[in-house]
Every structure is written in structure tokens, then in C-alpha cells.
Amino acid sequence: VRYLLDLQRFQLLARAALQNAAQGVQPTEEELNKAYEERVGKDKRIEYKARHILVKSEEEARQLITELDGGADFAKLAKEKSLGPTGKEGGDLGWFGAGQMVPAFTEAVGAMKPGTHSSNPVQTQFGWHVILLEETRESDPPSLDEVKKELTAVVQQESLAKKIRIRRKRRRVIKYKR
């Protein structure tokens with residue numbers, strides 16, 4: 001028990017020391033601008049406006065696709081058949097970015113053309129989806145001011161990690177000289 005308490009104490013002290021050291025590193029405007037361009041500013045983002053119908057089985061989803069291929073109304077089918085909370089709104093998901101949905105769903109939507117529904121059911125941890133991609137649009141990335149706080153933390157962490165690597169490298173050199 002004493003050993004575990006000492007270990008916890010050491011970890012807390014180490015975490016506090018790292019946080020203190022990170023706060024002592026204030027990135028310059030140049031560093032923040034560079035981080036912004038590398039991570040945020042250069043990318044145009046695609047947003048999707050879609051609907052979906054969530055069902056329990058692949059068989060149900062395939063039957064829905066067959067009905068849609070025959071001219072059935074997507075919103076009406078969603079209201080009648082979807083298990084998801086958006087079913088009552090005709091499966092409307094509104095506008096969303098790639099990172100806002102689970103990977104399988106995002107991948108399926110990204111491969112579709114606006115105005116089409118999925119030709120194969122999409123499985124996620126929630127069940128089986130039939131998706132209708134209504135529209136896409138490009139959105140501008142957030143401004144530097146909007147992400148400045150997050151970027152400051154990232155730059156601080158990177159700077160601190162670099163300092164730690166340098167100190168560890170120096171220790172190894174000293175250790176080997178003995």
C-alpha cells in the first residue's frame with residue numbers, strides 16, 4: 001500500500017510539474033500561425049446534408065433500398081421504419097462534418113453523390129443504415145481566433161515534449177561516458 005501511495009504521489013507531482021512547465025512556455029504569434037496553417041487553415045472542409053433510416057438487420061435495410069429504387073419516398077420510409085431518434089423528422093441529420101459521425105457512416109457518405117441513396121446498407125454499432133445524401137458544401141476552416149486556445153495548448157505540449165527529449169538525450173550521453 002505504501003508503495004502504491006508513493007507511486008500515486010510521484011505521478012501527481014510529475015503531472016503538476018509538467019503542467020507548470022507547459023504554462024511557462026508561451027507560444028509566439030509566429031508559432032501559433034504556423035500551427036494554424038499546418039493543422040487547420042489550409043484545409044477546406046466538406047459538409048454533408050443527409051437523411052438516414054436505421055434498422056436492426058441488413059435484410060431490412062436491403063428491402064428499404066429496393067423500395068427506394070422503386071421510387072418510394074425516403075422521408076416517408078424513415079418516419080415509418082427508422083429506429084433512430086431522427087426517424088420522426090424523416091431521418092433528417094442536417095448538416096455535419098466528417099468527424100461528427102462514426103467512421104463507417106462518414107466513409108459511406110463521402111463516397112456518395114448528392115441526390116443519391118446508399119446502394120448497400122451501412123453497418124455501425126447502432127445498426128444498419130440506409131443513407132440519402134441530399135447536398136454537400138465546402139466550409140471554411142475556423143479562424144485563428146476561434147482555435148487559438150486549443151492551438152496554444154498543442155504548441156505548449158510540443159515544446160515541452162521537445163525539451164524532455166533533449167534532456168533525456170543529454171542524460172544518455174552522460175550515462176555512457178561514465
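Observations on the structure shown:
- Among (1) at pLDDT below 90; (2) of a type outside the set (D, E, K, R); (3) open to solvent by less than 50 Å² (accessible area, probe 1.4 Å) - the single one residue 122 does not satisfy: (1)
- Members of segment 81-105 found to be over 17 Å from residue 58 (Cα atoms), in a helix (DSSP H, G or I) and open to solvent by 30 Å² or more (accessible area, probe 1.4 Å), listed by number: 88, 89, 98, 99, 100, 103
- Any chance residue 77 is touching a Gly at 6+ places or on another chain (Cβ under 9 Å), not polar (S, T, N, Q) and not in a helix (DSSP H, G or I): no
- In segment 1-38, the residues that are closer than 27 Å to residue 152 by Cα, among the polar types (S, T, N, Q) and either outside any helix (DSSP H, G or I) or modelled with pLDDT of 85 or more (or both): 11, 26, 28, 33
- Looking only at segment 136-146, residues that are farther than 29 Å from residue 114 by Cβ and either touching a helix residue (DSSP H, G or I) at 6+ places or on another chain (Cβ under 9 Å) or part of a loop (DSSP other than H, G, I, E, B) (or both) come to 1 in all.
- Any pair with Cβ under 6 angstrom, 6 or more apart, that starts in segment 116-137 at a residue that is among the aromatic types (Phe, Trp, Tyr) and ends at one that is open to solvent by less than 10 Å² (accessible area, probe 1.4 Å): 128/55; 128/61
- Look at segment 20-35: where a residue is among the hydrophobic types (A, V, I, L, M, F, W, C) and a partner is in a loop (DSSP other than H, G, I, E, B), sitting 6+ places away or on another chain with Cβ atoms under 9 Å, you get 35/27.
- Being more than 30 Å from residue 140 (Cα to Cα), β-branched (Val, Ile, Thr) and more than 20 Å from the chain's Cα centre (by Cα) is a condition met by no residue of segment 104-124.
The values are calculated or read from the model by the stated rules, or taken from the named source; none is laboratory data. Predicted model only: the values in this text are computed from it and were never measured. As a convention, Cβ positions derive from the backbone with ideal geometry for all residues, glycine included, and neighbour counts pool all protein chains shown. Remember, those area values only see protein heavy atoms, side chains included, never the ligands or the DNA or RNA. Shrake-Rupley method; radii C 1.70, N 1.55, O 1.52, S 1.80 Å.
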